[in-house]
Amino acid sequence: MATMDLEKLKMTGAGRAMAVLTSGGDAQGMNAAVRAVTRMGIYVGAQVYLIHEGYQGMVDGGDNIKLANWQSVTNIIQLVALL
């Protein structure tokens, strides 16, 4: 992606929110996907929430839903499971 395109993309998500959730279980590359989606959401200015414990975490809410920041997904690629 060209630098000009990235600059146009910045702040297009301002005022928006999104949640990142996986259904659980081991899936090759899932932590990398979670990191990429989270960081791109933050980059474009959206509020990004991470939902832990899969669908049950979404239903239960509370501490299972946390606002993400850039460091929330640092070093997750080598973990067995994040969400």
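The values are calculated or read from the model by the stated rules, or taken from the named source; none is laboratory data. Keep in mind that this is a model prediction, so the values were computed, not measured. With ideal geometry, Cβ positions are generated from the backbone for all residues, glycine too; neighbour counts draw on all protein chains shown.
Would it be correct to say that G54 is at positive phi and at pLDDT 90 or above?
Working: at positive phi: yes; at pLDDT 90 or above: no.
Spelling it out, it is not the case that G54 is at positive phi and at pLDDT 90 or above.
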(message) I'm trying to understand the selection: among the residues of segment 64-78, which are outside any helix (DSSP H, G or I) and either surrounded by 12 or more Cβ atoms within 10 Å (Cβ to Cβ) or within 14 Å of the chain's Cα centre (by Cα) (or both)?
(response) I65, K66, L67, A68, N69, T74, N75, I76, I77
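Where in segment 1-63 are there helices (runs of 4 or more DSSP H), lying fully within it, with 1 or more residues that are more than 23 Å from I77 (Cα to Cα)? Before the answer, list the steps.
Values: elements: 3-9, 30-43, 54-60.
So the answer is 3-9, 54-60.
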